[in-house]
Each structure stands twice: as structure tokens, then as C-alpha cells.
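J.: This structure is in C-alpha cells; I'll ask about it shortly.
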Amino acid sequence: MTKPIVETIDLHKTYMSGGRPLEVLKGVDLKVEEGEFMAIMGPSGSGKSTLLNMIGALDRPTSGEVHINGVNINKLNDNQVADLRNREIGFIFQFFNLIPRMDAQGNVELPMAIAGVSRGDRHKRAKELLGLVGLGDRADHKPSQLSGGEQQRVAIARALSNNPHILLADELTGNLDSRTGSEIMHLLRRLNEEEGKTFILITHDPAVGQQTDRLISFKDGIIEGEKKFKDLI
Amino acid sequence: MNPVDTLLIAFNGLKGRKFRFALNLVGILIGCAAITGLISITEGLQDSVTGQLNVFGPSNLIIMPGEIGSGMTMTGGSLNWRDLDIVSRVDYVKGVTPIIANKIAEYTINGRYFATDVYGVERAYKELNPNTELEEGRNFVQSDSAVVIVGANIAQPLDLDEPIVELGDRIKIAATVDDVEKELTLRVIGILKETGSSFGANLDDSIAIPLKTAQQLFETGNEFSYFLAQADSIDVVDEAAGGIEEKMGDRATVITAASAQEQVESILGTIQSVLGGIAGISLVVAGVGIINTMTVSVMERTKEIGTMKALGAKSLDVLMMFLTEAMLTGMIGGAIGAGFGYLLAGIIGSFIDLTTSSSIMLGFEVVVFAVATSIASGLYPAYRASNMNPVEALRHE
Ligand SMILES: Nc1ncnc2c1ncn2[C@@H]1O[C@H](COP(=O)(O)OP(=O)(O)OP(=O)(O)O)[C@@H](O)[C@H]1O
Ligand SMILES: [Mg+2]
């Protein structure tokens, strides 16, 4: 078996809330192979977002390890972790989180600007990506001039801009109607199949869960079980 | 992140909050306009005073009756022939001459009415005041009585292309002494070169008549307005002044170019520090405004900062982004402020008839100062932004 692209080992996260420790992750062991298209489902407050933030190197575990591409991110300093997020991970948020002052083009270019990609290169790449998500003619539109589904497409283009291997999406269809939601799911599936991107989604929507290859059910800070819809080759 | 991109993003950030940016800009701008204006004006004043003092001559001394109290108020006394004798015997005094000043004469030329300052001086005046040079004609001689030497602007008023007074012309002047109007016809024997205004006397806009003539016309008796003296050399001006003060006691005050300059500079210095303090306070207020606006804007953009960090922005990138916003505010506010300051100085200068000193360097310094103030004000909010935990920032609604 190949080395997993994401691996968590006995992952614990404890928050202090109101002076009392609140154990949110209670030993999560998860392996994700490159090219997987998977989802995590579970009740509200079970710690799904907390887990995804650990995988995305946004937060550090209380104990346990997170390996991305075989690298233990506990061993990286803050700047190295930022670089990892910038190049290896693409975040897609429930509320899109586009920068309202920047047009679609500017939003898609942002991670590349952070990476120090030259102006000409990133302009070209952002155009390509906007074309890929079906918004080639909306490059100069501000987020406020776009529908929710269109904004989420811009956010997907942004997440892809530095060509990361891992895409993390927390409730990305949670704020969209079901038709738009399924269009977005088709787009993700296409990116998974055509470009081999690894997707880890968090969802409340069983319909979304069922479109993935593997569905993990999460409860009270631990993985409760998993269902495979498609056997990996 | 590349500095150009940081700048573009910061600029974009400011564009998105035009109104608050404008408020901050106005804050900085007022402070900078005040500072630029004040410095231009006070430096202009200094230049102009220094210019006047130079005209006065570095080895000259003016002996005024009475004492100069605080605030340059003259108190009592007068000078007479005996005083002149005393001063002339003081060591290092090369020469001294009495002057009758603060008199007005009226006359009419070609139907135009003039009222001008009249000085009563001796032949020695021209020798002791190095700045009186004749364009035409001659100095007074002992036997002169009904003659006059006129200033450059009297011979040819500034608004005319042709002289209205020429050598040999006769001018009938009138003076009111003790409510009685007296008339006197004077023959023009000399026309002075333009000297600019000189400390104690504006020679260009006045006329000079022989001392005896002035004494008779204005009935001044044995009293003179002041004496003009000259020291043997520049090096002994202070010794001469000390000697005169010692002999005259509190009946006279001696002014030299250096002491006058000192006086003026100390007054200007006080003005400058008071006004500079006010301008400084307005910049501090502007700085507090920036701290306030930026703190609010960091709070508002908490989620955006979280997003940026999720996209891979480093703490330093976020810090630089906000500091760049502060820097831009300072730079734009400072530049516009300096521009307004020049304008303000120009307008005020034209009102008080002063050539202000508005150097490019001053504007540059003001901009640097404004940028420094803004960056200092932005430091704390920018640090808070850069130090945010990305997860908490993203949870922020
Ligand atoms: N910074 C924090 N400090 C204290 N408690 C926190 C913090 N972040 C999360 N929690 C708590 O941890 C628990 C899990 O939160 P998490 O956001 O991971 O849940 P979730 O499974 O994503 O829920 P949802 O489906 O509602 O998004 C919650 O009880 C939450 O209140
Ligand atoms: Mg969640």
C-alpha cells in the first residue's frame, strides 16, 4: 500500500472552555490515500471541524500527530506550516470567505500572491481556473455581484490556485440550494477524477455523503465507523 | 509575499473603507498642514528679520533712550547732546550720530497725495550706516538747510514706471506740530539707492532732511529719537556696547545686530515651539485616530485575516499588510497636508507681506514624520492582526 497523503495518529484536542478542559478529539486515527474522495459526517459539536483544522495545519493538536505527505507537521514551525497550507492544501469554506473588495480574479490570485508567483503567471493561471469552474466571463466581478454558487466556484478556483494535492471543504454546500449544491459536487468529482485531487469533505447532507467513495461517521470526538461506496483500486 | 503585492492589497484595503480612510487622512493632513505652514512662516520670518539685520550692519549699534522692558516695551527717557558726547568718548566707538525719527510729512506731487516718514540726520549718518548709498546727487553738507534726500520708492513709487521726483526738484512738505500745520519747501539734492527695509528705518519709503532743519520743523529741542553708532570693528561691537551701557546706565539701551538677532530668535523660537506644540498635539490626535480606526478595522476583518492565514499568509505578511495601510495613510495624508501647508503659508505670507520659506526638504521631512506617526500608531493593531489564531479568526462572525 502506498503511503497515505494524510494520516492522523491518536489525535487529541482539548480546549479550555470556561476554565474547564473540554476534550473535543479523543484519539482519532485516520488514513487518507492520495486521490481519495471522502466525507466525514456526524452530529453537530462532535469535533468534525476541529479535526479538519488539524488536517489542514490550521491548528496544532494537544497530543498525537498529523502527517501530511509523510511529514509530521508538529515538527514544522509557524512559517513552514503556513507554507504547507499555501502549497499543499486548499480550503473551501461554508461561507465562501472571499475577500469582498477583490474581484474573482483577485481572489483566485491571492494564494499565488502569497506564494510569490509572478504577476503574469498568476494572472494566466487564475484565468484558466476561472474557466475551469465555469466563470471565465466573470473574472472582474466582485463577490457581491455573484450568486452563492458562483462565489463557491470562485472559492474552489482559489483553493486550486497553487495546485495543492489536498482539498478540504467544511460544509461547502451547506449554504447552497440542493441543485447548486449538486452542481458543485459534480465539479469536485471532476477535479478528483481528472486531476487526481484528494478531497476530504465535512457534511451534514447524506446526499453529499453518498456521492463520495468513503463516508466516515464521527461522534463525540472519535471515528465511529466508515462506509465504502467504491473500492479503491 | 512580495512587497508590491502587499502594497496593492493594502491599497485595496484602504479603498474598501474610503470614508474612514478619509477621516484618518484628514486627521494627519491637518497636523501636517499646520506643521508645514508654521515652519514655512517662522522660517520666512527668520529670513526676513535676518535680512533686515544684515542691512543694519554688523558693526553698527543703535542707542535707544530708556530701557527695553520685557516684551520690547520702551520706557521713558530721551537722548540729548550731552549723551551724544558721552557715547562718542566710549572706547571702541568710531563714530556716533543723532537721529530724529518717527515724524511724518505730507506732500502732493502731480495731484497725488503722499504721507511719508521723515528722518532728521547729520552728514555722518550716511558714513555710519553702510547701506545708504546715493543713486544720484550728494550727501548733506554743514550749510544745507532746506534740502532733502529721498528714498528710492519716493523718487519712483513702486506702481509707476517713471520717476516723479528728480534731482533739483522742489517739494513742498507740510507737517503738523502741536496742532499747527507748518510748511517747508525742500530742494532734492540726493536720491538713495534701493536698500530694502533696514532695521529701525525703512529708507526706501522715507525722506531725510538735515538734523537742524528737522529740529526747527518739528520743534524737538534738545531731544533725539536715537543714536546710530559704529564700533571700530566687528570684533569690538560687544565691548563698545558694554562701554556705552556702563556710561549711560539705565538711561539707554544698546542694540547690536547680534543682540537684536538673539532677541528676535528667542521670540520666534517661543512662537515656533508653542505653535509646533499645537501642531504636534494634532498629530498625536491623528495617531490615536489611526489606532482606533485600525483596531476597529482589524476586528471587522478578523474572518478575513483567518482566511488569509488559511490560504497560507504568514504572520509577517499580515503584519506588513496592515502596517502598509498605515504607511499609505501617513504618506498620502502627509503629502496632501504638506501641500496645504505650503498653500496656507503662502496665503498668510501674502497677508502679512512676508516671503515664506517653503523648501521641498521641509515637505519631505513632514511626510517622513507623518509616515512614522502612522506606522507607530498602526503597530499595535497590526501586531494583533498578525498574531491572531487562524482557527479562532475563522470562527469569528
Ligand atoms: N476554540 C474553542 N474553544 C473552546 N471550545 C471550542 C473551540 N472550538 C471548538 N470548540 C468546541 O468543540 C466542540 C467541537 O466543535 P467543532 O466545531 O469541531 O464541531 P463540529 O463537529 O464541526 O460541529 P458542526 O457540525 O456544528 O459544525 C464544540 O463543542 C465547540 O463548542
Ligand atoms: Mg463544523
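The values are calculated or read from the model by the stated rules, or taken from the named source; none is laboratory data. If you're wondering where the values come from, they're calculated on a predicted model, not measured in any experiment. Note that we place each Cβ from the backbone using ideal geometry, even for glycine, and neighbour counts take in every protein chain shown. Side chains are part of the model used for accessible areas, which takes the heavy atoms of the whole protein and leaves out ligands, DNA and RNA. Shrake-Rupley method; radii C 1.70, N 1.55, O 1.52, S 1.80 Å.
J.: Would you mind checking the tilt of helix B:237-248 against the longest principal axis of the Cα atoms of chain B, expressed as 0 to 90 degrees and rounded to 10?
T.: The answer is roughly 60 degrees.
J.: Just the number: Rg to Rh for the protein assembly as shown, Cα atoms, Kirkwood Rh, two decimals.
T.: Rg divided by Rh gives 1.34.
J.: Among DSSP beta bridges lying fully in the protein assembly as shown, give the percent that are antiparallel, nearest 5. Let's see the in-between values first.
T.: Working: 65 of 91 bridges.
Just about 70 percent of them are antiparallel.
J.: Now a separate question. Give the ranking of A:Arg158, B:Arg17, A:Arg190 by solvent-accessible surface, highest area first, calculated with a 1.4 Å probe.
T.: Working: A:Arg158 0, B:Arg17 35, A:Arg190 95 Å².
Ranking A:Arg158, B:Arg17, A:Arg190 by accessible area, largest first, yields A:Arg190, B:Arg17, A:Arg158.
J.: Using only the alpha carbons of the range A:194-233, determine the length spanned along each of the three principal axes and report them from longest to shortest in whole angstroms.
T.: 35, 20, 16
J.: Related question: Per DSSP helix of 4 or more residues, -39500 (n - 2.57); summed, then divided by the residues of the protein assembly as shown. What does that give at 222 nm, rounded to the nearest 500? Don't skip to the end; give the middle numbers.
T.: Numbers: 19 runs with 295 residues, N = 630.
Helix contribution divided over all residues of the protein assembly as shown: -15500 deg cm²/dmol.
J.: Looking only at Cα atoms, what is the convex hull volume of the range A:166-210 per residue, in Å³? Each step should come with its number before you reach the end.
T.: Details: hull volume 2.8 nm³, N = 45.
About 61 Å³ per residue, rounded to a whole number.
J.: Against the longest principal axis of chain B, how steep is helix B:360-386, in degrees 0 to 90 to the nearest 10, with axes from Cα atoms?
T.: 30 degrees
J.: Over chain B, what per residue volume does the convex hull of the Cα atoms give, in whole Å³?
T.: Working: hull volume 78.6 nm³, N = 397.
Once divided by residue count, the hull of chain B is 198 Å³.
J.: Taking all protein chains together and a probe of 1.4 Å, list B:Ser282, A:Ser44, B:Ser297 from the most accessible to the least accessible.
T.: On the way: B:Ser282 35, A:Ser44 105, B:Ser297 5 Å².
Order by accessible area, largest first: A:Ser44, B:Ser282, B:Ser297.
J.: How far apart, in nm, are the 7 Å Cα→Cβ label points at B:Leu379 and A:Val71?
T.: So the two model labels end up 3.4 nm from each other.
J.: Viscosity 1.567 mPa s, temperature 4 °C: Stokes-Einstein D of the range B:246-397 from its Kirkwood Cα radius, in µm² per second?
T.: Values: Rh = 19.0 Å.
Translational D for this selection: 68 µm²/s.
J.: Which angle from 0 to 90°, rounded to the nearest 10, does the C-alpha axis of helix B:18-56 make with the longest principal axis of chain B?
T.: 20 degrees
J.: In whole angstrom, how long is each semi-axis of the equivalent ellipsoid of chain A, when you take the square root of 5 times every eigenvalue of its Cα gyration tensor and sort them from largest down? List each step's numbers first, then the result.
T.: Values: eigenvalues 161, 82, 62 Å².
For chain A, the ellipsoid semi-axes come out as 28, 20, 18 Å.
J.: What span do the alpha-carbon atoms of the range B:60-232 cover on each of the three principal axes, reported in whole Å from largest to smallest?
T.: 48, 37, 37
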